[in-house]
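> The structure follows.
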Amino acid sequence: MPINFEQKEIRFITGSQLLYGDETIQEVNRHSSVIVDKLNQSGTLPLKIVYQGTVLSATEISEKLRAADQSPQCVGVIVWMHTFSPAKMWIGGLKSFQKPLLHLHTQFQREIPWQEIDMNYMNLNQSAHGDRELGYMMSRMRKGRKVVAGYWEDIDVQKRIGVWMRVCFAWDDAQKMKVLRFGDNMNNVAVTDGDKVEAELKFGYHIDYCPVGDLVQIVDTVTDKEIDPLVDEYESLYHFSEEARKSGTKHQQVREAARIELALRRILQQKEAVAFTTNFDALHGLNQLPGLAAQRLMNDGYGFGAEGDWKTAALVRTMKVMAFGLSGGTSFLEDYVYHFKEKGAVLQAHMLEICPSITVQKPHLEVHPLSIGGKADPARLVFTAHEGYGVAVTVVDMGNRFRMILNEADCVLPESDLPKLPVARAFWIPRPNLKVSAEAWILAGGTHHTSFSFALTPEYFDDYVEIADMELLKIGESTTIEMFKKELRLNEVYYWLNRAVQS
Ligand code: MN
(Lines give C-alpha, C1' and ligand atoms only; values in the text may rest on other atoms or scores of the structure.)
Protein backbone atom coordinates (compact mmCIF):
# COMPACT_ATOMS: atom_id res chain seq x y z
CA MET A 1 0.00 0.00 0.00
CA PRO A 2 2.58 2.69 0.88
CA ILE A 3 3.83 4.59 -2.15
CA ASN A 4 7.63 4.64 -2.11
CA PHE A 5 9.53 6.03 -5.08
CA GLU A 6 12.85 4.94 -3.57
CA GLN A 7 12.14 1.26 -4.22
CA LYS A 8 12.06 1.70 -7.98
CA GLU A 9 14.49 2.79 -10.68
CA ILE A 10 14.73 3.85 -14.30
CA ARG A 11 17.49 2.36 -16.44
CA PHE A 12 19.51 4.33 -18.98
CA ILE A 13 21.02 2.63 -22.02
CA THR A 14 23.30 4.42 -24.48
CA GLY A 15 23.39 3.07 -28.02
CA SER A 16 26.47 2.84 -30.22
CA GLN A 17 28.30 0.23 -32.33
CA LEU A 18 31.69 -1.57 -32.59
CA LEU A 19 32.90 0.68 -35.43
CA TYR A 20 34.26 3.53 -33.35
CA GLY A 21 36.95 1.83 -31.27
CA ASP A 22 37.63 1.73 -27.53
CA GLU A 23 38.66 5.30 -27.03
CA THR A 24 35.46 6.74 -28.46
CA ILE A 25 33.29 4.29 -26.53
CA GLN A 26 35.07 5.24 -23.31
CA GLU A 27 34.27 8.86 -24.04
CA VAL A 28 30.63 7.97 -24.81
CA ASN A 29 30.48 6.13 -21.49
CA ARG A 30 31.97 9.04 -19.63
CA HIS A 31 29.48 11.48 -21.16
CA SER A 32 26.57 9.15 -20.38
CA SER A 33 27.70 8.78 -16.76
CA VAL A 34 27.96 12.55 -16.35
CA ILE A 35 24.45 13.01 -17.76
CA VAL A 36 22.97 10.30 -15.53
CA ASP A 37 24.78 11.60 -12.42
CA LYS A 38 23.71 15.17 -13.02
CA LEU A 39 20.11 14.16 -13.75
CA ASN A 40 20.10 12.21 -10.48
CA GLN A 41 21.48 15.22 -8.61
CA SER A 42 19.09 17.70 -10.27
CA GLY A 43 16.34 17.20 -7.71
CA THR A 44 13.71 17.42 -10.48
CA LEU A 45 13.34 13.66 -11.03
CA PRO A 46 11.22 11.48 -8.73
CA LEU A 47 13.07 8.22 -9.52
CA LYS A 48 16.77 7.43 -9.64
CA ILE A 49 18.37 6.57 -12.97
CA VAL A 50 20.83 3.69 -13.21
CA TYR A 51 23.28 3.78 -16.11
CA GLN A 52 23.57 0.44 -17.91
CA GLY A 53 26.55 1.18 -20.15
CA THR A 54 26.91 1.57 -23.89
CA VAL A 55 25.53 -1.22 -26.04
CA LEU A 56 27.47 -2.12 -29.18
CA SER A 57 25.73 -5.16 -30.67
CA ALA A 58 22.34 -6.84 -31.08
CA THR A 59 23.28 -9.33 -28.37
CA GLU A 60 24.14 -6.63 -25.86
CA ILE A 61 20.98 -4.67 -26.68
CA SER A 62 18.79 -7.75 -26.18
CA GLU A 63 20.54 -8.64 -22.94
CA LYS A 64 20.15 -5.18 -21.41
CA LEU A 65 16.51 -4.86 -22.42
CA ARG A 66 15.66 -8.36 -21.23
CA ALA A 67 17.33 -7.70 -17.87
CA ALA A 68 15.36 -4.44 -17.51
CA ASP A 69 12.13 -6.24 -18.38
CA GLN A 70 12.74 -8.89 -15.74
CA SER A 71 13.91 -6.58 -12.96
CA PRO A 72 11.17 -5.86 -10.39
CA GLN A 73 12.92 -2.57 -9.48
CA CYS A 74 13.05 -1.26 -13.03
CA VAL A 75 9.85 0.52 -14.14
CA GLY A 76 11.09 2.01 -17.41
CA VAL A 77 14.06 2.49 -19.73
CA ILE A 78 15.59 5.62 -21.26
CA VAL A 79 17.56 5.16 -24.47
CA TRP A 80 19.90 7.66 -26.10
CA MET A 81 22.03 7.24 -29.23
CA HIS A 82 25.18 9.27 -28.50
CA THR A 83 26.73 7.89 -31.68
CA PHE A 84 25.16 5.97 -34.54
CA SER A 85 23.68 2.61 -33.58
CA PRO A 86 22.36 0.77 -36.66
CA ALA A 87 18.76 0.09 -35.68
CA LYS A 88 18.41 -3.41 -37.11
CA MET A 89 20.47 -4.35 -34.04
CA TRP A 90 17.57 -3.13 -31.88
CA ILE A 91 14.83 -5.27 -33.50
CA GLY A 92 15.31 -8.39 -31.37
CA GLY A 93 15.53 -6.50 -28.10
CA LEU A 94 12.64 -4.15 -28.78
CA LYS A 95 10.38 -6.92 -30.10
CA SER A 96 9.97 -8.55 -26.71
CA PHE A 97 10.47 -5.46 -24.53
CA GLN A 98 7.32 -4.72 -22.51
CA LYS A 99 8.16 -1.88 -20.15
CA PRO A 100 7.75 1.87 -20.75
CA LEU A 101 10.32 3.49 -23.02
CA LEU A 102 11.59 7.04 -23.23
CA HIS A 103 13.75 8.10 -26.15
CA LEU A 104 15.91 11.00 -24.97
CA HIS A 105 17.12 13.06 -27.91
CA THR A 106 19.90 15.21 -26.58
CA GLN A 107 23.59 15.97 -27.00
CA PHE A 108 26.39 16.05 -24.43
CA GLN A 109 27.41 19.64 -25.14
CA ARG A 110 24.87 22.40 -25.47
CA GLU A 111 26.63 24.50 -28.10
CA ILE A 112 28.90 23.94 -31.06
CA PRO A 113 32.53 24.75 -30.08
CA TRP A 114 33.14 26.82 -33.20
CA GLN A 115 36.90 27.16 -32.83
CA GLU A 116 37.66 23.57 -31.79
CA ILE A 117 35.20 21.55 -33.83
CA ASP A 118 36.88 18.98 -36.08
CA MET A 119 35.89 15.62 -37.55
CA ASN A 120 36.68 13.83 -34.26
CA TYR A 121 34.12 15.99 -32.52
CA MET A 122 31.65 15.44 -35.36
CA ASN A 123 32.07 11.66 -35.17
CA LEU A 124 31.74 11.54 -31.41
CA ASN A 125 28.59 13.69 -31.18
CA GLN A 126 26.20 12.08 -33.62
CA SER A 127 22.90 11.93 -31.76
CA ALA A 128 21.32 14.33 -34.27
CA HIS A 129 21.33 11.51 -36.80
CA GLY A 130 21.86 8.53 -34.47
CA ASP A 131 18.57 9.12 -32.68
CA ARG A 132 16.75 9.52 -35.98
CA GLU A 133 17.87 6.01 -36.96
CA LEU A 134 16.41 4.54 -33.74
CA GLY A 135 13.29 6.68 -34.10
CA TYR A 136 12.64 5.09 -37.49
CA MET A 137 12.85 1.60 -36.08
CA MET A 138 10.54 2.30 -33.15
CA SER A 139 8.03 3.96 -35.48
CA ARG A 140 8.32 1.09 -37.95
CA MET A 141 7.66 -1.32 -35.08
CA ARG A 142 4.76 0.87 -33.82
CA LYS A 143 6.46 0.99 -30.45
CA GLY A 144 4.68 3.28 -28.00
CA ARG A 145 7.18 5.61 -26.30
CA LYS A 146 7.81 9.15 -25.18
CA VAL A 147 10.28 11.18 -27.20
CA VAL A 148 11.91 14.06 -25.33
CA ALA A 149 14.11 16.37 -27.39
CA GLY A 150 16.23 19.15 -25.90
CA TYR A 151 19.31 19.89 -23.85
CA TRP A 152 19.50 17.49 -20.90
CA GLU A 153 20.39 20.17 -18.35
CA ASP A 154 17.34 22.29 -19.20
CA ILE A 155 14.63 22.24 -16.58
CA ASP A 156 11.82 21.78 -19.12
CA VAL A 157 13.52 18.66 -20.51
CA GLN A 158 14.04 17.28 -17.02
CA LYS A 159 10.44 18.02 -16.06
CA ARG A 160 9.15 16.08 -19.07
CA ILE A 161 11.30 13.12 -18.03
CA GLY A 162 9.98 13.50 -14.47
CA VAL A 163 6.36 13.37 -15.64
CA TRP A 164 7.07 10.17 -17.56
CA MET A 165 8.79 8.64 -14.53
CA ARG A 166 5.71 9.25 -12.39
CA VAL A 167 3.56 7.58 -15.05
CA CYS A 168 5.97 4.62 -15.21
CA PHE A 169 5.74 4.25 -11.45
CA ALA A 170 1.93 4.36 -11.55
CA TRP A 171 1.91 1.84 -14.40
CA ASP A 172 4.07 -0.51 -12.35
CA ASP A 173 1.69 -0.02 -9.40
CA ALA A 174 -1.28 -0.92 -11.63
CA GLN A 175 0.34 -4.19 -12.71
CA LYS A 176 -0.19 -5.54 -9.20
CA MET A 177 -3.20 -3.44 -8.20
CA LYS A 178 -6.20 -5.17 -6.69
CA VAL A 179 -9.56 -3.38 -6.66
CA LEU A 180 -11.97 -4.77 -4.06
CA ARG A 181 -15.67 -4.45 -4.86
CA PHE A 182 -18.18 -4.48 -2.02
CA GLY A 183 -21.36 -5.19 -3.94
CA ASP A 184 -21.71 -5.08 -7.71
CA ASN A 185 -22.23 -2.08 -9.98
CA MET A 186 -25.44 -0.18 -9.35
CA ASN A 187 -28.36 -1.93 -11.03
CA ASN A 188 -28.72 -1.22 -14.74
CA VAL A 189 -26.01 1.46 -14.82
CA ALA A 190 -24.04 1.09 -18.06
CA VAL A 191 -21.14 3.53 -18.15
CA THR A 192 -19.53 2.43 -14.90
CA ASP A 193 -19.49 -1.20 -16.00
CA GLY A 194 -17.30 -2.96 -18.54
CA ASP A 195 -15.16 -5.93 -19.43
CA LYS A 196 -13.10 -6.84 -16.37
CA VAL A 197 -11.10 -9.47 -18.23
CA GLU A 198 -10.10 -7.01 -20.93
CA ALA A 199 -9.30 -4.40 -18.27
CA GLU A 200 -6.88 -6.79 -16.58
CA LEU A 201 -5.25 -7.61 -19.92
CA LYS A 202 -4.97 -3.93 -20.81
CA PHE A 203 -4.17 -2.17 -17.54
CA GLY A 204 -2.82 -4.99 -15.37
CA TYR A 205 -5.12 -4.42 -12.39
CA HIS A 206 -7.33 -7.15 -10.99
CA ILE A 207 -10.97 -6.48 -10.15
CA ASP A 208 -11.77 -8.60 -7.13
CA TYR A 209 -14.96 -9.09 -5.21
CA CYS A 210 -15.67 -9.21 -1.47
CA PRO A 211 -19.06 -10.10 0.01
CA VAL A 212 -20.28 -7.27 2.27
CA GLY A 213 -20.84 -9.99 4.89
CA ASP A 214 -17.07 -10.48 5.18
CA LEU A 215 -16.70 -6.78 5.95
CA VAL A 216 -19.57 -6.91 8.45
CA GLN A 217 -17.86 -9.77 10.31
CA ILE A 218 -14.81 -7.57 10.83
CA VAL A 219 -16.95 -4.55 11.72
CA ASP A 220 -18.49 -6.63 14.51
CA THR A 221 -15.08 -7.41 16.02
CA VAL A 222 -13.95 -3.74 16.27
CA THR A 223 -13.80 -2.71 19.95
CA ASP A 224 -14.57 0.58 21.68
CA LYS A 225 -10.92 0.71 22.69
CA GLU A 226 -9.97 0.86 19.02
CA ILE A 227 -12.65 3.40 18.17
CA ASP A 228 -11.71 5.89 20.94
CA PRO A 229 -8.32 6.96 19.55
CA LEU A 230 -9.70 7.21 16.01
CA VAL A 231 -12.48 9.54 17.16
CA ASP A 232 -9.80 11.56 18.99
CA GLU A 233 -7.93 11.77 15.69
CA TYR A 234 -11.08 13.04 13.96
CA GLU A 235 -11.41 15.70 16.65
CA SER A 236 -7.86 16.88 16.06
CA LEU A 237 -8.34 17.12 12.29
CA TYR A 238 -11.91 18.34 11.76
CA HIS A 239 -14.45 20.83 13.09
CA PHE A 240 -17.29 18.81 14.64
CA SER A 241 -20.86 19.94 14.17
CA GLU A 242 -22.97 20.34 17.32
CA GLU A 243 -24.71 16.99 16.78
CA ALA A 244 -21.50 15.12 15.94
CA ARG A 245 -19.71 16.13 19.15
CA LYS A 246 -19.29 13.73 22.05
CA SER A 247 -22.18 15.42 23.82
CA GLY A 248 -24.24 15.57 20.61
CA THR A 249 -27.31 13.58 19.63
CA LYS A 250 -25.60 11.96 16.63
CA HIS A 251 -22.18 11.20 18.09
CA GLN A 252 -22.92 7.49 18.05
CA GLN A 253 -23.06 7.69 14.24
CA VAL A 254 -19.53 9.12 14.21
CA ARG A 255 -18.39 6.15 16.30
CA GLU A 256 -20.13 3.76 13.88
CA ALA A 257 -18.35 5.47 10.97
CA ALA A 258 -15.03 5.00 12.79
CA ARG A 259 -15.88 1.33 13.34
CA ILE A 260 -16.50 0.87 9.61
CA GLU A 261 -13.27 2.71 8.73
CA LEU A 262 -11.20 0.44 11.00
CA ALA A 263 -12.82 -2.66 9.50
CA LEU A 264 -12.36 -1.42 5.93
CA ARG A 265 -8.69 -0.67 6.51
CA ARG A 266 -8.23 -4.13 7.97
CA ILE A 267 -9.90 -6.01 5.13
CA LEU A 268 -8.12 -3.95 2.43
CA GLN A 269 -4.80 -4.79 4.08
CA GLN A 270 -5.68 -8.46 4.45
CA LYS A 271 -6.61 -8.70 0.79
CA GLU A 272 -3.72 -6.44 -0.31
CA ALA A 273 -6.13 -4.19 -2.18
CA VAL A 274 -5.26 -0.54 -2.92
CA ALA A 275 -8.63 0.51 -4.34
CA PHE A 276 -12.25 -0.33 -3.59
CA THR A 277 -15.85 0.33 -4.55
CA THR A 278 -19.04 0.44 -2.50
CA ASN A 279 -22.72 0.43 -3.44
CA PHE A 280 -25.38 2.17 -1.34
CA ASP A 281 -27.73 -0.65 -2.35
CA ALA A 282 -25.53 -3.41 -0.91
CA LEU A 283 -24.95 -2.44 2.71
CA HIS A 284 -26.56 -5.41 4.45
CA GLY A 285 -25.39 -5.54 8.04
CA LEU A 286 -23.65 -2.15 7.90
CA ASN A 287 -25.06 0.71 9.93
CA GLN A 288 -24.39 3.40 7.30
CA LEU A 289 -22.82 4.04 3.89
CA PRO A 290 -19.03 4.17 4.43
CA GLY A 291 -18.69 7.84 3.41
CA LEU A 292 -16.21 9.17 5.94
CA ALA A 293 -14.12 6.01 5.54
CA ALA A 294 -14.02 6.41 1.75
CA GLN A 295 -12.96 10.06 2.15
CA ARG A 296 -10.18 9.26 4.59
CA LEU A 297 -8.91 6.20 2.72
CA MET A 298 -8.69 8.21 -0.51
CA ASN A 299 -6.71 10.80 1.41
CA ASP A 300 -4.24 8.03 2.27
CA GLY A 301 -3.78 7.08 -1.40
CA TYR A 302 -6.48 4.43 -1.92
CA GLY A 303 -8.50 4.44 -5.11
CA PHE A 304 -12.27 4.70 -4.74
CA GLY A 305 -15.32 4.45 -7.00
CA ALA A 306 -18.92 4.74 -5.84
CA GLU A 307 -21.79 2.48 -6.97
CA GLY A 308 -19.41 -0.28 -8.00
CA ASP A 309 -17.46 1.95 -10.42
CA TRP A 310 -14.27 -0.13 -10.52
CA LYS A 311 -12.76 1.66 -13.55
CA THR A 312 -12.84 4.97 -11.69
CA ALA A 313 -11.59 3.35 -8.47
CA ALA A 314 -8.54 2.04 -10.35
CA LEU A 315 -8.03 5.39 -12.10
CA VAL A 316 -8.20 7.34 -8.82
CA ARG A 317 -5.50 5.03 -7.42
CA THR A 318 -3.33 5.45 -10.54
CA MET A 319 -3.69 9.24 -10.44
CA LYS A 320 -2.92 9.30 -6.70
CA VAL A 321 0.28 7.39 -7.42
CA MET A 322 1.25 9.70 -10.31
CA ALA A 323 0.62 12.73 -8.10
CA PHE A 324 2.28 11.34 -4.98
CA GLY A 325 4.22 14.06 -3.16
CA LEU A 326 2.94 16.85 -5.44
CA SER A 327 0.69 19.54 -4.06
CA GLY A 328 -2.95 20.01 -5.01
CA GLY A 329 -4.85 16.83 -4.28
CA THR A 330 -6.74 14.15 -6.24
CA SER A 331 -10.29 12.90 -5.76
CA PHE A 332 -13.23 10.94 -7.05
CA LEU A 333 -15.94 13.39 -8.22
CA GLU A 334 -19.27 13.48 -10.00
CA ASP A 335 -20.85 16.10 -12.24
CA TYR A 336 -23.86 17.17 -10.21
CA VAL A 337 -25.53 20.51 -10.95
CA TYR A 338 -24.97 23.17 -13.62
CA HIS A 339 -24.59 26.92 -13.36
CA PHE A 340 -25.46 28.38 -16.76
CA LYS A 341 -23.89 31.75 -16.30
CA GLU A 342 -21.14 33.34 -18.45
CA LYS A 343 -18.83 30.47 -19.52
CA GLY A 344 -20.93 28.04 -17.48
CA ALA A 345 -19.74 26.02 -14.49
CA VAL A 346 -20.43 22.68 -12.80
CA LEU A 347 -20.94 21.89 -9.13
CA GLN A 348 -19.05 18.67 -8.49
CA ALA A 349 -20.01 16.53 -5.51
CA HIS A 350 -21.22 13.07 -4.55
CA MET A 351 -23.42 11.52 -1.90
CA LEU A 352 -20.45 11.74 0.47
CA GLU A 353 -17.24 10.40 -1.01
CA ILE A 354 -14.95 13.30 -1.93
CA CYS A 355 -11.29 13.27 -0.90
CA PRO A 356 -10.24 16.06 1.49
CA SER A 357 -6.86 16.32 -0.30
CA ILE A 358 -8.51 18.81 -2.71
CA THR A 359 -9.26 21.41 -0.04
CA VAL A 360 -7.15 23.78 2.03
CA GLN A 361 -9.99 24.21 4.53
CA LYS A 362 -10.26 22.30 7.79
CA PRO A 363 -13.19 19.99 6.93
CA HIS A 364 -16.37 19.91 8.99
CA LEU A 365 -17.42 16.51 10.30
CA GLU A 366 -21.20 16.34 10.19
CA VAL A 367 -23.95 13.72 10.39
CA HIS A 368 -27.00 14.05 8.15
CA PRO A 369 -29.62 11.72 6.67
CA LEU A 370 -28.95 10.21 3.27
CA SER A 371 -32.08 10.31 1.15
CA ILE A 372 -31.14 7.06 -0.58
CA GLY A 373 -30.29 3.53 0.59
CA GLY A 374 -32.46 3.38 3.71
CA LYS A 375 -29.65 3.23 6.27
CA ALA A 376 -28.84 5.28 9.38
CA ASP A 377 -27.48 8.83 8.96
CA PRO A 378 -23.88 8.68 7.76
CA ALA A 379 -20.97 10.82 8.97
CA ARG A 380 -19.12 12.81 6.32
CA LEU A 381 -16.55 15.54 5.83
CA VAL A 382 -17.93 18.75 4.36
CA PHE A 383 -15.66 21.24 2.59
CA THR A 384 -15.16 23.19 -0.63
CA ALA A 385 -12.27 22.42 -3.01
CA HIS A 386 -9.63 25.11 -3.41
CA GLU A 387 -9.13 27.20 -6.55
CA GLY A 388 -6.84 26.20 -9.37
CA TYR A 389 -6.25 24.37 -12.62
CA GLY A 390 -6.86 20.63 -12.79
CA VAL A 391 -7.79 17.70 -15.01
CA ALA A 392 -10.88 15.47 -14.83
CA VAL A 393 -10.31 12.04 -16.36
CA THR A 394 -12.35 8.94 -17.04
CA VAL A 395 -12.12 5.59 -18.80
CA VAL A 396 -15.06 4.04 -20.65
CA ASP A 397 -15.48 0.65 -22.32
CA MET A 398 -16.43 1.19 -25.97
CA GLY A 399 -16.99 -2.52 -26.64
CA ASN A 400 -13.94 -2.98 -28.86
CA ARG A 401 -11.56 -0.87 -26.74
CA PHE A 402 -11.15 1.30 -23.67
CA ARG A 403 -11.25 5.05 -24.22
CA MET A 404 -9.76 7.65 -21.92
CA ILE A 405 -11.32 11.12 -21.86
CA LEU A 406 -9.78 14.17 -20.21
CA ASN A 407 -11.19 17.64 -19.60
CA GLU A 408 -9.15 20.56 -18.34
CA ALA A 409 -10.98 22.64 -15.76
CA ASP A 410 -10.46 25.72 -13.59
CA CYS A 411 -11.77 25.34 -10.07
CA VAL A 412 -13.18 28.55 -8.66
CA LEU A 413 -14.85 29.40 -5.39
CA PRO A 414 -18.67 29.23 -5.39
CA GLU A 415 -20.40 32.60 -5.62
CA SER A 416 -21.81 32.20 -2.13
CA ASP A 417 -21.76 29.92 0.91
CA LEU A 418 -23.89 26.78 0.57
CA PRO A 419 -25.33 26.58 4.09
CA LYS A 420 -27.84 23.85 3.31
CA LEU A 421 -25.57 21.56 1.26
CA PRO A 422 -24.22 18.84 3.61
CA VAL A 423 -21.59 17.36 1.26
CA ALA A 424 -18.10 18.18 0.05
CA ARG A 425 -17.96 19.91 -3.32
CA ALA A 426 -15.82 21.44 -6.02
CA PHE A 427 -17.00 24.15 -8.40
CA TRP A 428 -15.34 24.43 -11.77
CA ILE A 429 -15.44 26.02 -15.18
CA PRO A 430 -14.58 23.34 -17.72
CA ARG A 431 -12.38 24.41 -20.65
CA PRO A 432 -13.11 25.86 -23.14
CA ASN A 433 -16.57 26.49 -21.63
CA LEU A 434 -19.42 24.41 -20.25
CA LYS A 435 -21.32 24.02 -23.52
CA VAL A 436 -18.40 22.77 -25.64
CA SER A 437 -16.99 20.68 -22.80
CA ALA A 438 -20.29 18.96 -22.02
CA GLU A 439 -21.16 18.39 -25.69
CA ALA A 440 -17.76 16.88 -26.41
CA TRP A 441 -17.77 14.79 -23.23
CA ILE A 442 -21.23 13.41 -24.04
CA LEU A 443 -20.32 12.74 -27.69
CA ALA A 444 -17.31 10.79 -26.43
CA GLY A 445 -19.51 8.75 -24.06
CA GLY A 446 -17.80 10.02 -20.91
CA THR A 447 -18.99 9.00 -17.44
CA HIS A 448 -20.70 11.10 -14.78
CA HIS A 449 -17.93 9.92 -12.41
CA THR A 450 -14.40 11.23 -12.85
CA SER A 451 -11.05 11.19 -11.18
CA PHE A 452 -9.92 14.78 -10.75
CA SER A 453 -6.46 16.10 -9.89
CA PHE A 454 -5.01 19.53 -9.22
CA ALA A 455 -1.50 18.04 -9.41
CA LEU A 456 -1.54 16.54 -12.90
CA THR A 457 -1.61 17.90 -16.47
CA PRO A 458 -2.59 16.38 -19.84
CA GLU A 459 1.05 15.38 -20.41
CA TYR A 460 0.75 12.62 -17.79
CA PHE A 461 -2.08 11.07 -19.79
CA ASP A 462 -0.29 11.47 -23.12
CA ASP A 463 2.47 9.37 -21.56
CA TYR A 464 0.01 6.94 -19.98
CA VAL A 465 -1.75 6.09 -23.24
CA GLU A 466 1.58 5.49 -25.02
CA ILE A 467 2.34 2.86 -22.39
CA ALA A 468 -1.19 1.40 -22.27
CA ASP A 469 -1.59 1.67 -26.07
CA MET A 470 -5.06 3.18 -25.87
CA GLU A 471 -7.22 6.04 -27.06
CA LEU A 472 -7.13 9.47 -25.38
CA LEU A 473 -9.57 12.27 -26.16
CA LYS A 474 -8.63 15.62 -24.67
CA ILE A 475 -11.04 18.49 -24.16
CA GLY A 476 -9.37 21.84 -23.52
CA GLU A 477 -8.98 25.45 -24.58
CA SER A 478 -8.65 24.67 -28.30
CA THR A 479 -11.50 22.13 -28.56
CA THR A 480 -14.24 22.76 -31.11
CA ILE A 481 -17.15 20.37 -31.62
CA GLU A 482 -16.48 20.19 -35.34
CA MET A 483 -12.90 19.00 -34.87
CA PHE A 484 -13.83 16.78 -31.94
CA LYS A 485 -16.43 14.94 -34.05
CA LYS A 486 -13.84 14.40 -36.76
CA GLU A 487 -11.45 12.98 -34.18
CA LEU A 488 -14.15 10.61 -32.92
CA ARG A 489 -14.85 9.34 -36.43
CA LEU A 490 -11.17 8.97 -37.32
CA ASN A 491 -10.45 7.15 -34.06
CA GLU A 492 -13.31 4.75 -34.76
CA VAL A 493 -11.61 3.72 -38.00
CA TYR A 494 -8.09 3.83 -36.55
CA TYR A 495 -8.82 1.54 -33.63
CA TRP A 496 -10.88 -0.85 -35.72
CA LEU A 497 -8.02 -1.16 -38.23
CA ASN A 498 -5.39 -1.31 -35.51
CA ARG A 499 -7.15 -4.27 -33.97
CA ALA A 500 -7.49 -5.96 -37.35
CA VAL A 501 -3.75 -5.55 -38.02
CA GLN A 502 -2.79 -6.94 -34.61
CA SER A 503 -4.96 -10.04 -34.81
MN1 MN B 1 -22.33 8.34 -8.34
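The values are calculated or read from the model by the stated rules, or taken from the named source; none is laboratory data. These figures come from a predicted structure and were not determined experimentally. As a convention, Cβ positions derive from the backbone with ideal geometry for all residues, glycine included, and neighbour counts pool all protein chains shown. For the accessible areas, the whole protein counts, side chains as well, though only heavy atoms, and no ligand, DNA or RNA atoms are used. Shrake-Rupley method; radii C 1.70, N 1.55, O 1.52, S 1.80 Å.
> Go through the stretch 430-446 residue by residue and tally those that are touching a helix residue (DSSP H, G or I) at 6+ places or on another chain (Cβ under 6 Å), in a helix (DSSP H, G or I) and crowded, with 23+ Cβ neighbours inside 10 Å.
Counting residues in the stretch 430-446 that are touching a helix residue (DSSP H, G or I) at 6+ places or on another chain (Cβ under 6 Å), in a helix (DSSP H, G or I) and crowded, with 23+ Cβ neighbours inside 10 Å gives 1.
> Residue 395: within 16 Å of the ligand (Cβ to nearest atom) and either in a helix (DSSP H, G or I) or in the same structural domain as residue 361 (by TED's automatic domain parsing) (or both), yes or no?
When the stated conditions are applied, residue 395 passes them.
> With the requirement that a residue be open to solvent by 30 Å² or more (accessible area, probe 1.4 Å) and either away from the ligand (no atom under 16 Å from the Cβ) or assigned by TED's automatic domain parsing to the domain that holds residue 164 (or both), what does the stretch 362-374 give you? Walk me through it before giving the result.
Taking the stretch 362-374 as the starting set, the residues that turn out to be open to solvent by 30 Å² or more (accessible area, probe 1.4 Å) are 362, 364, 366, 368-374.
Across the stretch 362-374, the qualifying residues are 362, 364, 366, 368, 369, 374.
> Let me ask something additional. Can you name the strands (runs of 3 or more DSSP E) wholly within the stretch 258-361 that have at least 1 residues being free of Cβ contacts under 8 Å to residues at least 40 places away in the same chain and surrounded by fewer than 20 Cβ atoms within 10 Å (Cβ to Cβ)?
Of the strands (runs of 3 or more DSSP E) lying wholly inside the stretch 258-361, those with at least 1 residues that are free of Cβ contacts under 8 Å to residues at least 40 places away in the same chain and surrounded by fewer than 20 Cβ atoms within 10 Å (Cβ to Cβ) span 330-339.
> Does residue 83 qualify as being modelled with pLDDT under 95, within 21 Å of residue 121 (Cβ to Cβ) and in contact with a helix residue (DSSP H, G or I) (Cβ under 8 Å, 6 or more places away or on another chain)?
Considered against the rule, which asks whether it is modelled with pLDDT under 95, within 21 Å of residue 121 (Cβ to Cβ) and in contact with a helix residue (DSSP H, G or I) (Cβ under 8 Å, 6 or more places away or on another chain), residue 83 comes out as yes.
> Please verify whether the stretch 158-179 includes one or more residues that are out of contact with any strand residue (DSSP E or B) (no Cβ under 9 Å at 6 or more places or on another chain) and at pLDDT below 95.
No: the stretch 158-179 contains no residue that is out of contact with any strand residue (DSSP E or B) (no Cβ under 9 Å at 6 or more places or on another chain) and at pLDDT below 95.
> Let me ask something additional. So, of the residues in the stretch 268-309 that are within 13 Å of the ligand (Cβ to nearest atom) and hydrophobic (A, V, I, L, M, F, W, C), which turns out to be nearest to the chain's Cα centre (by Cα)? Outline the logic, then answer.
From the stretch 268-309, those within 13 Å of the ligand (Cβ to nearest atom) are 277-281, 289, 291, 294, 304-309; that's our starting set.
Restricting the remaining residues to those that are hydrophobic (A, V, I, L, M, F, W, C) gives 280, 289, 294, 304, 306.
Values: 280: 26, 289: 26, 294: 18, 304: 13, 306: 18 Å.
Ranking the qualifying residues of the stretch 268-309, first place goes to 304.
> Moving on. Please specify each residue of the stretch 448-464 satisfying the condition of being more than 16 Å from the ligand (Cβ to nearest atom) and surrounded by 20 or more Cβ atoms within 10 Å (Cβ to Cβ).
Once the filter is applied, which keeps residues that are more than 16 Å from the ligand (Cβ to nearest atom) and surrounded by 20 or more Cβ atoms within 10 Å (Cβ to Cβ), the stretch 448-464 yields 453, 454, 455, 456, 460, 461, 463, 464.
> Another question, if that's okay. Determine, yes or no, whether residue 229 is over 29 Å from residue 325 (Cα atoms), open to solvent by 20 Å² or more (accessible area, probe 1.4 Å), of a type outside the set (S, T, N, Q) and out of contact with any His (no Cβ under 8 Å at 6 or more places or on another chain).
no
> Next question. State all residues of the stretch 236-257 that are among the aliphatic types (A, V, I, L, M), open to solvent by 40 Å² or more (accessible area, probe 1.4 Å) and not in a helix (DSSP H, G or I); if no residue qualifies, say none. Don't jump to the end; show me each part of the working.
Residues of the stretch 236-257 that are among the aliphatic types (A, V, I, L, M), as a first pass: 237, 244, 254, 257.
Going one step further and asking which of them are open to solvent by 40 Å² or more (accessible area, probe 1.4 Å), we end up with 237.
None - no residue of the stretch 236-257 is among the aliphatic types (A, V, I, L, M), open to solvent by 40 Å² or more (accessible area, probe 1.4 Å) and not in a helix (DSSP H, G or I), so the list stays empty.
> State whether the residues of the stretch 490-498 include one that is in contact with a Cys (Cβ under 9 Å, 6 or more places away or on another chain), closer than 28 Å to residue 69 by Cα and in contact (Cβ under 8 Å) with a residue 40 or more places away in the chain.
Here is the first cut: in the stretch 490-498, the residues in contact with a Cys (Cβ under 9 Å, 6 or more places away or on another chain) are none.
Checked against the condition, which is being in contact with a Cys (Cβ under 9 Å, 6 or more places away or on another chain), closer than 28 Å to residue 69 by Cα and in contact (Cβ under 8 Å) with a residue 40 or more places away in the chain, the stretch 490-498 yields no hits at all.
> How about the stretch 312-330: which of its residues are within 13 Å of the ligand (Cβ to nearest atom) and not hydrophobic (A, V, I, L, M, F, W, C)?
312
> Still on this structure, please answer the following. Cβ-Cβ below 7 Å, separation at least six or inter-chain, first residue in the stretch 54-70 and polar (S, T, N, Q), second in a helix (DSSP H, G or I) and exposed (fewer than 15 other Cβ atoms within 10 Å of the Cβ): which pairs?
So the pair list comes out as 57/18.
> I need a count of the residues in the stretch 1-18 that are touching a residue at least 40 places away in the same chain (Cβ under 8 Å), of a type in the set (A, V, I, L, M, F, W, C) and within 16 Å of residue 60 (Cα to Cα).
Looking only at that region, the number is 2.
> Additional query: Would you check which residues across the stretch 378-392 are part of a loop (DSSP other than H, G, I, E, B) and open to solvent by 10 Å² or more (accessible area, probe 1.4 Å) and list them?
386, 387
> Of everything in the stretch 466-487, what is assigned to a helix (DSSP H, G or I) and surrounded by fewer than 16 Cβ atoms within 10 Å (Cβ to Cβ)? Give them in sequence order.
481, 482, 483, 485, 486
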